[in-house]
Amino acid sequence: RRTAAVIPAAGRGVRLGPGAPKALRTLNGTPMLIHAVRAMANSRAVSLVVVVAPQDGATEVKNLLAEHALPERTEFLVVPGGDTRQESVRLGLAALPADITTVLVHDAARPLVPVDTVDAVIEAVHDGAPAVVPALPLADTVKQVEPSADGSPEPVVATPQRAQLRSVQTPQGFDRALLAEAHATVTQDVTDDASMVEQLGVQVVVVPGHEEAFKVTRPLDLVLAEAVLARRRA
Ligand code: C5P
């Protein structure tokens with residue numbers, strides 16, 4: 001039984017504003033990707049981390065991994081990514097050695113996930129759940145709308161009960177064969193890996209997520225992430 005983490009880090013990060021690919025932007029001087037790699041490697045159960053690099057950035061990512069202190073017991077692989085997150089994850093999965101039985105998929109854009117959350121996901125998979133996602137209740141009420149292309153006010157279609165909704169984070173944990181099957185068969189556009197497994201008809205379960213596992217997407221998220229890091233060091 002061996003666990004690997006695949007980190008899709010090939011996105012441009014357009015919503016963050018102009019600059020380097022998102023995963024290579026720094027938080028308090030260290031690239032977001034390095035924070036994310038450490039977050040996975042800090043779990044004693046993770047023995048391999050596969051980083052899916054920006055298409056033209058594999059060498060740069062290899063250099064970054066060599067420059068930064070990382071746990072010695074962990075193995076690292078770097079592969080170039082694809083045009084979509086889904087394709088990047090598929091390329092990462094294709095690089096896994098045969099003896100990996102559990103896979104985590106973790107967004108480079110969630111650099112500050114605590115190790116306890118990572119361990120809770122792995123433990124749930126090892127306890128027999130084939131697909132596990134960390135998630136939190138929502139603060140906002142969510143409405144489904146009919147999107148308008150021209151900027152006119154969007155009609156509301158429905159308001160799902162907030163108490164039944166969860167905001168889903170990563171790392172998402174899977175039985176390796178199941179996730180490989182999902183990536184081989186589901187072609188529809190999705191925004192997370194668990195939804196591909198859902199489409200196979202397999203039950204996905206939720207474990208408690210963590211506030212600090214938030215996704216760095218917009219400029220304000222960089223401010224928050226640096227504040228969290230400063231507080232950890234204090
Ligand atoms: O765009 P979004 O925030 O959903 O991206 C989530 C993660 O997927 C990020 O870590 C990003 O680098 C990664 N990604 C990727 N390949 C792409 C697009 C996104 O690895 N083509």
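Assorted remarks:
The rows are residues; the columns are (1) surrounded by 15 or more Cβ atoms within 10 Å (Cβ to Cβ); (2) within 10 Å of the ligand (Cβ to nearest atom); (3) among the small types (Gly, Ala, Ser).
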position	(1), (2), (3)
66	no, no, yes
93	yes, no, no
103	yes, no, no
123	no, no, no
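- Residue under evaluation residue 11, criteria (1) in contact with a helix residue (DSSP H, G or I) (Cβ under 6 Å, 6 or more places away or on another chain); (2) without any contact (Cβ under 8 Å) to a residue 12 or more places away in the chain, criterion not met: (2)
- Residue, farthest from the ligand (Cβ to nearest atom), within segment 1-14, restricted to residues that are within 22 Å of residue 98 (Cα to Cα) and hydrophobic (A, V, I, L, M, F, W, C): 4
- Residue that is in contact (Cβ under 8 Å) with a residue 40 or more places away in the chain, under 20 Å from residue 233 (Cα atoms) and more than 16 Å from the chain's Cα centre (by Cα), where the choices are 28, 42: 28
- Residue check, residue 155 within 16 Å of the ligand (Cβ to nearest atom) and either free of Cβ contacts under 8 Å to residues at least 12 places away in the same chain or within 19 Å of the chain's Cα centre (by Cα) (or both): no
- The residue list 97, 111 contains one member that is more than 25 Å from residue 201 (Cα to Cα), away from the ligand (no atom under 14 Å from the Cβ) and in a loop (DSSP other than H, G, I, E, B), which is 97.
- Of all the residues in segment 68-91, those that are more than 16 Å from the ligand (Cβ to nearest atom) and not basic (Lys, Arg) number 8.
- Residue within segment 210-222 that is in contact with a Ser or Thr (Cβ under 6 Å, 6 or more places away or on another chain), of a type in the set (D, E, K, R) and exposed (fewer than 15 other Cβ atoms within 10 Å of the Cβ) present: no
Listed here are the residues, each with its yes/no results for (1) part of a strand (DSSP E or B); (2) modelled with pLDDT under 95; (3) basic (Lys, Arg); (4) farther than 17 Å from residue 5 by Cβ.
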residue	(1), (2), (3), (4)
134	yes, no, no, no
139	no, no, no, yes
151	no, yes, no, yes
157	yes, no, no, yes
163	no, no, no, yes
167	yes, no, no, yes
170	no, no, no, no
174	yes, no, no, no
178	no, no, no, no
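- The residue that is nearest to the ligand (Cβ to nearest atom), among those in segment 15-64 that are assigned to a helix (DSSP H, G or I) and over 25 Å from residue 97 (Cα atoms), is 22.
- If you filter segment 41-64 down to residues that are of a type in the set (Gly, Ala, Ser) and within 16 Å of residue 25 (Cβ to Cβ), you find that the one that is surrounded by the most Cβ atoms within 10 Å (Cβ to Cβ) is 53.
- Of all residues in segment 3-14 being crowded, with 16+ Cβ neighbours inside 10 Å and either assigned to a helix (DSSP H, G or I) or over 12 Å from the mean Cα position of the chain (by Cα) (or both), the one that is modelled with the lowest pLDDT: 13
The values are calculated or read from the model by the stated rules, or taken from the named source; none is laboratory data. All of these numbers come straight from a predicted model, not from anything done at the bench. Neighbour counts run over all protein chains shown; Cβ positions are idealised from the backbone, glycine included.
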